[in-house]
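Undergrad: Below you will find the structure I want to go over with you.
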Amino acid sequence: MLSLQDLLKEGTKHLKGVDEATYQNIEAVRKLADILRTSFGPNGQKKLVINHLEKLFVTSDAATIIKELDIMHPAAKLAVLASQMQEQEVGDGTNLVLILTGELLGNAENLLQKGLHTNDIIEGYSKAAKESYDILSKLVVHECKNLRDIKEVARCLKAIMSAKQNGYEDLLSELVARACIEVVPKNPAHFNVDNVRVAKILGGGVLDTQVLKGHVLTRDAEGTIKHVRNAKVAVFSAGIEAAKTETKDTVLISSPDELINYNKSEEKMMEKIVDDISGAGINVVVSGGAVSEMAMHFLERAHIMVVKVPSKFELRRVAKAVGATPLVRLGAPSAEETGHADYVGSEEIGSTKVTILRQDKEDTGISTIVIRASTNNLLDDFERAIDDGVNAYKQLGRDNRMVPGAGATEIEVAHRLQKFGDATSGLVQYAIKKFAEAFEVVPRTLAENAGLNATDVVSNLYAAHQKDNSISAGIDIEEGDVKDVTTLGIFDLLATKISAVKLATDAATTILRVDQIIMSKPAGGPKPPKQGPMDAD
């Protein structure tokens, strides 16, 4: 009698049934969740990850950890995909998705061992998730009404920044708020996170971090002209050099006079181009390629500052910062193609030469946060924290509703879902109650990471929510007490919570539906090259 192994290629792995497939999948996801649980919250521990290129990462950011860990197990990959989708859609809450998925699957394993069928668990989880969205919408305690008020926005971002860089949340939340408000459009829902840039400069301390209105290039200007005020800027996407022929031809020069005349014609052509640029009032030129020595000579003579930007993405941002159009031709730009900056100058920050394109009066399309820190790892970690803050501001523009943080929301959802489970008939009620229990993982993890007794904290939270009917009772991790977290200014975005619950539920139910795993034998020979990191544009 033929078996499945006879139908498939030799070396194929085939696992089936609850014991071989389902439990293994659950165990894989729980192991992954356990790795990341200790990095959750303001007191989360950092992980030291060395990737396949031997690059070292020291971070508590879940998105970076799972990206560099290179997870191979298929079920764990599904959980990772859910977390990555959270990163793309919301920009925060990646760790919450993974630890909630791990807890949901762990509770499902308990139900499977008691004899509940997978379909009953999935149905119960789906019902509970739907109910949890309605519950979350009723727990709104604050709305960020004025997205152009630095103090109000910083207050809303403070708890989010604290989870990434505890101790620097006041500084970072204000910097992010200021940088975002500089570039927010008339309709905040159209805010673009790419308009807030980060320039990392080694040296100094985090307190030296500042926001600049405009763009900062971490490279020096070319030539001797280093400062220009009230700059008229021309941006060229190609290099500034003599045009080359498209075909390879041979020029036969038979006398010294012909050679001299040939060189002079090239000089005259370049001189005319620079004279045309100078005649249009341009005093700063940004080049996307090489600047020849001859072009540099004439540009210097015309007192034109030259900035070289090899990256086409960076060049696009420079053009946006000054309001210029990148030109593919050499010559004078029209008035519409010309950009403007109040100040363009080469300055030294620490020991690094930077070129600043600053706008003092006009609205600018770009604002830059210049981060200072003592090591590259710290610079990268602060950049990740700022990235999360900017994404949170984007979400505020779309949905400004906020719920209490510090585990208050999760305990209230768990408390109300327990009641919903009691009122539901059939076997699905057990799944609903286990879904409710899964939310306890958030306050429990926050307590454990802060060195508190998790069991006591969770029981005290339940008591506060039932006795006082307070939806805002959460953990004050500094004092270890249960307090009204709205008075402490600890808020989480409603959109982040709903998205995390949705993605975690989808990942958990998808993994529970799997009853067989069939893995083909890996192909021989070298592995196909991985796609390299791409720019956001």
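Here, each number is a calculation from the coordinates, and none is a lab measurement. Just so it is clear, the model here is predicted, and its values are computed rather than measured. Here Cβ is always computed from backbone atoms with ideal geometry, including for glycine, and neighbour counts include all displayed protein chains.
Undergrad: By per-residue mean of other Cβ atoms within 10 Å, what is the highest-first order of 488-495, 96-103? Mind showing how you got there, number by number?
TA: Values: 488-495: 23.0, 96-103: 28.5.
Going from most to least packed, we get 96-103, 488-495.
Undergrad: For n ≥ 4 DSSP H runs only, could you compute -39500 (n - 2.57) per run for the chain, divide by its residues and tell me the 222 nm figure to the nearest 500? List each step's numbers first, then the result.
TA: Values: 17 runs with 249 residues, N = 537.
That calculation yields -15000 deg cm²/dmol at 222 nm.
Undergrad: Another question about this same structure. Between beta-carbons, use under 11 Å as the cut-off and find the net charge around residue 280, counting Lys and Arg +1, Asp and Glu -1. Before the final figure, lay out the partial values.
TA: Details: positive: 232; negative: 275, 276, 337.
Value of the local net charge: -2.
Undergrad: For residue 130 and residue 227, FRET efficiency with R0 = 41 Å and r from the beta-carbon atoms, rounded to 0.05?
TA: Efficiency for this residue pair is about 0.10.
Undergrad: So, one more: Past 31 Å, Cα to Cα, is the threshold; run 186/308; 232/312; 77/213; 67/138; 46/433; 67/200 against it and keep the listed order.
TA: Numbers: 186/308 33 Å; 232/312 21 Å; 77/213 41 Å; 67/138 35 Å; 46/433 33 Å; 67/200 22 Å.
Among 186/308; 232/312; 77/213; 67/138; 46/433; 67/200, the Cα-Cα distance tops 31 Å for 186/308; 77/213; 67/138; 46/433.
Undergrad: Further question on the same structure: For residue 478 and residue 513, what is the calculated FRET efficiency with R₀ set at 30 Å and r taken between the beta-carbons, to the nearest 0.05?
TA: 0.10
Undergrad: With +1 on the Cβ of every Lys and Arg and -1 on the Cβ of every Asp and Glu, and nothing else charged, how large is the dipole of the chain about its Cα centre, in debye rounded to the nearest 20? Mind showing how you got there, number by number?
TA: Working: 63 positive and 75 negative charges, 109 e Å.
Dipole magnitude for the chain comes out near 520 debye.
Undergrad: Please compute the modelled spin-label separation between residue 311 and residue 427, points set 7 Å along Cα→Cβ, answer in nm with one decimal.
TA: 5.6
Undergrad: Which of [x] 19, 41, 27, 11, 2, 0; [y] 16, 37, 28, 15, 4, 0; [z] 18, 41, 30, 10, 0 is the computed P(r) over Cα pairs in 20 Å bins from 0, in percent for the structure on display?
TA: Derived directly from the coordinates: [x].
Undergrad: Residue 152 to residue 353: extension gain in nm, 0.36 nm per residue of separation minus the Cα-Cα distance?
TA: Between residue 152 and residue 353, full extension yields 68.9 nm more.
Undergrad: Hey, rough spin-label estimate for residue 119 and residue 54, points 7 angstrom out along Cα→Cβ, what's it come to in nanometres?
TA: 5.6
Undergrad: Let me ask something additional. Take every DSSP beta bridge whose two residues both sit in the chain, then give the antiparallel share in percent to the nearest 5.
TA: Looking only at bridges with both residues in the chain, the antiparallel portion is about 70 percent.
Undergrad: Shifting gears a bit: Report the gain in length on full extension from residue 255 to residue 455: 0.36 nm times residue separation, minus Cα-Cα distance, nm rounded to one decimal.
TA: Between residue 255 and residue 455, full extension yields 62.5 nm more.
Undergrad: Quick check for you: which residues of the range 325-348 have the amide N under 18 Å from the point 7 Å beyond the Cα of residue 276 toward its beta carbon?
TA: Answer for this model: 325-339.
Undergrad: Computed FRET efficiency, Cβ-Cβ of residue 207 and residue 335, R0 35 Å: what is it to the nearest 0.05? Mind dumping the intermediate values first?
TA: Details: r = 43 Å, r/R0 = 1.23.
E between residue 207 and residue 335, to the nearest 0.05, is 0.25.
Undergrad: Figure the gain on full extension for residue 143 and residue 77 (residue separation times 0.36 nm, minus the Cα-Cα span) and round it to one decimal in nm.
TA: Contour length minus the Cα-Cα distance gives 20.2 nm.
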